[in-house]
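One structure below.
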Amino acid sequence: MGTFKLLTEPIHNRLKKIIDFSELPSLRQKHPNSKIVHTHGVFDLLHAGHLAYFESAKKMGDILVVTITADRFVNKGPGRPYFNGNVRASMVAALEVVDYVAINFYATAVPAIEALKPHYYVKGPDYKNKEFDRTGGILLEEKAVQKSGGSLTFTDDETSSSSSLINDFFKIWSDVQQGAINRVKQAGGLTVIEEYFEKLTNERVRVIGEPIVDTYVFCHPESISSKSPSISARYAFEENYAGGSLAIVNNIADFVKETKLVTTHGAEPYFTQLFSTTIDRRVVVVAEKLPNVPTPRKTRYISIDHPNHRMFELTQLRSDQWLNTSSANFCKMLLNDLRPTDIILLADFGHGLFEGQVLDTANNLPGFVGLNVQTNSSNFGFNPFTKHKKFSYLSVDNKEARLAYHDRYTATLELARKIRDDYVSKGCAISITLGRDGSLHFPKSSKDEFPAPAFADTVIDPTGAGDAFFAMSAMLVKVGCPAPIIPFVSNVFAGLKTKIMGNKFSV
């Protein structure tokens with residue numbers, strides 16, 4: 001083990017050690033008679049284990065080159081890396097045992113290995129059993145170093161985890177968030193979470209709901225119009241995103257064996273193009289075309305400088321589609337190839353799909369039915385979840401709960417418990433989402449309650465977060481996931497959704 005004198009490298013020497021990634025290929029020519037050793041990692045919180053690792057690696061050759069994962073590729077959770085790439089590079093360069101440091105602006109170490117062509121690529125003892133590396137990254141790294149004539153080697157030093165140290169001694173989470181994390185750990189933690197994600201891979205999911213085209217028009221707000229009291233904005237560009245039930249199927253397709261979407265649409269050119277280019281190829285689509293009924297479309301005018309500020313919204317919606325069109329064929333589509341073991345997700349956005357015969361059919365679907373009923377400016381007061389008579393799981397937000405119960409003033413927790421008392425006794429699990437305050441989950445046939453805080457540190461766009469929460473929580477309820485884990489995982493999933501503009505990408 002080294003001593004603290006290794007941390008006293010003069011600042012001018014330290015700066016000389018930090019090189020650009022493009023300089024890596026020249027190091028072999030610069031040191032033609034030296035054995036080059038390469039290590040790679042995040043090195044977020046430099047500690048004694050890192051020092052031992054570097055010293056052991058250096059003993060294998062003459063020149064030690066350390067590449068550091070760039071900030072954007074550090075996949076260790078919210079708030080990470082704790083230190084940015086320049087700071088981490090400077091800390092590593094301060095070690096006398098290190099000869100060169102470069103920041104790697106790629107997702108893996110492979111490009112760095114290919115550029116440097118080290119004689120030895122060194123990993124810690126944690127990687128000796130390659131089967132434990134679920135990403136398969138170590139195999140790709142080994143292939144890359146062997147291709148250039150080098151070899152993969154391992155150290156035997158005792159290791160520590162920067163993540164563990166940061167989690168134990170740096171306050172990343174609030175007390176409420178830490179309490180939720182502790183409850184998840186007590187319920188089995190990551191091992192149990194992975195167990196139930198694995199169970200999801202055997203599930204078939206049928207999503208029934210309206211598609212929504214979210215059109216985002218990005219503008220530069222300028223001032224009040226000189227001719228009328230209206231906001232003037234300069235057009236920049238616009239994008240169409242697949243929202244509503246389309247977003248739900250895209251977000252869950254990775255998790256399950258089969259995803260089927262049952263929906264209607266108006267076959268407009270903008271919808272057809274969006275549909276053909278954005279729906280996950282694994283999704284089975286069963287759709288009825290209704291030419292005289294527009295596909296729900298919401299056009300939002302967004303400040304390009306402040307993307308989470310919406311200037312104005314224009315909707316193209318109709319809620320009377322079944323008044324002039326027979327729903328008999330669509331009802332048959334709902335039941336076709338339906339198995340009692342399927343997960344059925346009813347995504348009722350209140351734009352006319354779940355009315356009349358369709359609602360009656362939905363109220364008689366067999367097996368597990370998860371329900372999400374949404375309130376918006378176009379259906380305010382006309383789309384309570386109470387219009388649905390049969391469901392196994394309900395996910396609504398605070399406002400939707402209040403509207404359904406015609407209750408404006410009762411405290412949220414008291415109202416949630418009232419809904420719990422009315423529905424849990426019927427074997428129905430319930431979640432109520434609370435925006436920035438997280439969610440409340442009530443497991444079926446139980447008086448227990450499980451609050452979970454939000455885990456979204458920076459919100460880019462909240463659109464679709466409730467849909468993401470609903471889909472994930474419903475699936476976890478269906479496969480019997482422990483109750484404390486359900487709201488936690490679903491909040492994290494919804495938090496990831498808030499980092500995406502509109503539904504430009506799936507979670």
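The values are calculated or read from the model by the stated rules, or taken from the named source; none is laboratory data. Since this is a predicted model, take the numbers as computed values, not measurements. Positions of Cβ are backbone-derived with ideal geometry, glycine not excepted, and every protein chain shown enters the neighbour counts. Accessible surface is based on the protein model in full, side chains and every heavy atom, while ligands, DNA and RNA are left aside. Shrake-Rupley method; radii C 1.70, N 1.55, O 1.52, S 1.80 Å.
Cβ separations smaller than 6 Å between residues 6+ apart or across chains give the following pairs from the range 19-37 residues that are within 17 Å of residue 98 (Cα to Cα) to residues that are assigned to a helix (DSSP H, G or I) and open to solvent by less than 40 Å² (accessible area, probe 1.4 Å): 24/115; 24/116; 37/57.
Condition check for residue 493 on (1) touching a residue at least 12 places away in the same chain (Cβ under 8 Å); (2) surrounded by fewer than 24 Cβ atoms within 10 Å (Cβ to Cβ); (3) assigned to a loop (DSSP other than H, G, I, E, B): one failure, at (3).
May I ask you to say which residue of 272, 299, 263 is modelled with pLDDT of 90 or more and open to solvent by less than 10 Å² (accessible area, probe 1.4 Å)?
Step by step, each of 272, 299, 263 is checked, and only 263 is modelled with pLDDT of 90 or more and open to solvent by less than 10 Å² (accessible area, probe 1.4 Å).
Can you name every one of the strands (runs of 3 or more DSSP E) wholly within the range 186-298 that holds 1 or more residues which are over 25 Å from residue 497 (Cβ atoms) and not aromatic (Phe, Trp, Tyr)?
211-224, 231-244, 283-289
Flag: residue 251 does not match the condition of being surrounded by 15 or more Cβ atoms within 10 Å (Cβ to Cβ) and in contact with a strand residue (DSSP E or B) (Cβ under 7 Å, 6 or more places away or on another chain). Considered as a group, the residues in the range 355-374 that are over 16 Å from residue 477 (Cβ atoms) and within 24 Å of the chain's Cα centre (by Cα) include one that is surrounded by the most Cβ atoms within 10 Å (Cβ to Cβ), and that residue is 373. Run down 386, 458 and say which single residue is at pLDDT 90 or above, among the polar types (S, T, N, Q) and open to solvent by 30 Å² or more (accessible area, probe 1.4 Å). After applying the criteria, what remains is 386. Criterion applied to 192, 207, 184, 213 was being crowded, with 18+ Cβ neighbours inside 10 Å, of a type outside the set (Lys, Arg), in contact with a Pro (Cβ under 8 Å, 6 or more places away or on another chain) and closer than 18 Å to residue 475 by Cα, and the one residue passing it is 184. The single condition from (1) in a loop (DSSP other than H, G, I, E, B); (2) under 24 Å from the mean Cα position of the chain (by Cα); (3) hydroxyl-bearing (Ser, Thr, Tyr) that residue 325 fails is (2). Determine, yes or no, whether residue 312 is under 30 Å from residue 219 (Cα atoms), open to solvent by 80 Å² or more (accessible area, probe 1.4 Å), hydrophobic (A, V, I, L, M, F, W, C) and touching a residue at least 12 places away in the same chain (Cβ under 8 Å). The answer is yes for residue 312.
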